[in-house]
Amino acid sequence: MVAGIAGCARGKKGKAEDKKLEEPRPPEMSIEGTPWEAVVSQQTELLDFFETGTTPWATVAKAMKWREKRLPGFKENCGKAIEYYAKDPTRRMNVMAKAGQAWSVVRLRVDEITKDWGAAQKRDVGILLTDFECR
């Protein structure tokens, strides 16, 4: 009798371990071909101004001029991206993680570039970053 009980216990433990191995993993997701691609593209385009800028004033001036042209389209793309996010709950977190990673890189890089800039330029940079955050 004791041997039978030990054998059953081992069998149950093995089944529990098998279930852990079979748990579903979130599917891999790319933002390419989704509305998030346009959002991330514009956010990255904003970063280009800071990486290629010559002086703080010139960089901010170019970026603010670009902002005037691009902000309406960005807001539209952001709205579409958020709708897309809401429609696909199985991939929702993957999409947000990938888009969020790209935005984090942009923000961190802009922060590095502008760390020694004056208060006026930093204020304008803050406005730009706030405007082009999709939430």
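The values are calculated or read from the model by the stated rules, or taken from the named source; none is laboratory data. Please read these numbers as outputs of a predicted model, since none were measured by experiment. All Cβ positions, glycine included, derive from the backbone under ideal geometry; neighbour counts span all protein chains shown.
Assessment of the range 65-87 against the conditions (in contact with a Leu (Cβ under 8 Å, 6 or more places away or on another chain), free of Cβ contacts under 8 Å to residues at least 24 places away in the same chain and not small (Gly, Ala, Ser)) yields at least one matching residue. The set of residues in the range 89-110 that are more than 19 Å from SER41 (Cα to Cα) and loosely packed, with under 14 Cβ neighbours inside 10 Å comprises PRO89, THR90, MET93.
Within the range 61-85, count every residue that is buried (at least 17 other Cβ atoms within 10 Å of the Cβ) and of a type in the set (Gly, Ala, Ser). Count: 2. Among residues of the range 67-119 being within 16 Å of ASP131 (Cβ to Cβ) and polar (S, T, N, Q), the one that is modelled with the highest pLDDT is THR114.
Cβ-Cβ distances below 7 Å connect the following pairs, each with a first residue in the range 121-135 that is touching a residue at least 12 places away in the same chain (Cβ under 8 Å) and over 12 Å from TRP103 (Cβ atoms), a second residue that is outside any loop (DSSP other than H, G, I, E, B) and among the small types (Gly, Ala, Ser), and a separation of six or more residues or different chains: LEU128/ALA63.
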